[in-house]
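Notes follow the structure.
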Amino acid sequence: MPNKKERLKLGFLTIGELAKAAGVPVSTIRYYTDIGLLEIEAKTPAGYRLYNKQLSLKVIYKIRPPFERRRSLQEIKNSLKNKKVDYVKGKH
């Protein structure tokens, strides 16, 4: 695993770095990961979770506004799954 400077250059954040960048508590990142909304890209040798900065922030920013519209996490999860399929098929 690259050192911190190289890791950041590659776009990987630890859970604490991601939480700070997104403006949410670490517990929120853990919860979103546990229910399948965020994916852990890798782990450091010490076992720290590493997240893809760009993809994770997109997901977090997509989740937060729907709460204001009263969408359930399951609805958000299904919506994100559909977007992943569209992205893979080249429909961005």
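Summary table
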item: Every residue from region 17-33 that is modelled with pLDDT of 90 or more, among the small types (Gly, Ala, Ser) and surrounded by 13 or more Cβ atoms within 10 Å (Cβ to Cβ); result: 19, 21
item: Given (1) part of a helix (DSSP H, G or I); (2) within 18 Å of residue 79 (Cα to Cα), index of the condition residue 21 fails; result: (2)
item: Matching entry among 55, 37 (being within 9 Å of the chain's Cα centre (by Cα), hydrophobic (A, V, I, L, M, F, W, C) and in a loop (DSSP other than H, G, I, E, B)); result: 37
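The values are calculated or read from the model by the stated rules, or taken from the named source; none is laboratory data. Small disclaimer: the values here were computed from a predicted structure and weren't measured. FYI the Cβ positions are ideal-geometry reconstructions off the backbone, even for glycines, and counts take in every protein chain you see.
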